[in-house]
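Written out below as structure tokens is the structure these notes cover.
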């Protein structure tokens, strides 16, 4: 039976990793009970459809070239997360309140109404995240693969960063708990 990870959660709260063969999640890597490091990179999305056709084709060609250079197994995870535009809405409200020009206030109010509409359940606006994950036992190979992924994605015109501890926990929650962080507590 897998031993519970006592370092991962506050007292009385269990994370998904506590129920899996995971020793720890540190430095953006999952260390499994069998000695593998699971890590990867999170890719910032890029809307290529706003680019001209030549730029679209170049991006797709570069991405295809990148995929064909990878000589190791990886998982490409795609997950949707609700968009939080509350900060943007607050900024619009501040601008609306401080602007004396009625025409500009009207435009700002239209933006506020549109943003509120996007936040409604009818539209279900989400932010799509892409994550490449791989597993490896040797730390030097982990670093080499991270470098390969980040530089290859950069050459394809995409920004990426190594997964953080929070990213990995969110991925576990997304795939094991349908995106819901679960806190088990005693019923009073």
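Can you name every residue in the stretch 19-36 that is within 17 Å of residue 77 (Cβ to Cβ) and within 20 Å of the chain's Cα centre (by Cα)?
25, 28, 29, 30
Return yes when residue 99 is more than 30 Å from residue 169 (Cβ to Cβ) and over 26 Å from the mean Cα position of the chain (by Cα) and no when it is not.
Answer is yes for this residue.
Assess whether residue 114 counts as being at pLDDT below 90 and either loosely packed, with under 13 Cβ neighbours inside 10 Å or in a helix (DSSP H, G or I) (or both).
Yes; evaluated as a whole, the condition is true for this residue.
Of all residues in the stretch 91-111, which are surrounded by 10 or more Cβ atoms within 10 Å (Cβ to Cβ) and without any contact (Cβ under 8 Å) to a residue 12 or more places away in the chain?
The answer is 91, 94, 99, 104, 105, 106, 107, 110.
The values are calculated or read from the model by the stated rules, or taken from the named source; none is laboratory data. Because the structure is predicted, anything quoted here is derived from the model rather than measured. Don't worry about glycine lacking a Cβ; one is built from the backbone with ideal geometry, like all the others, and counts go over all protein chains shown.
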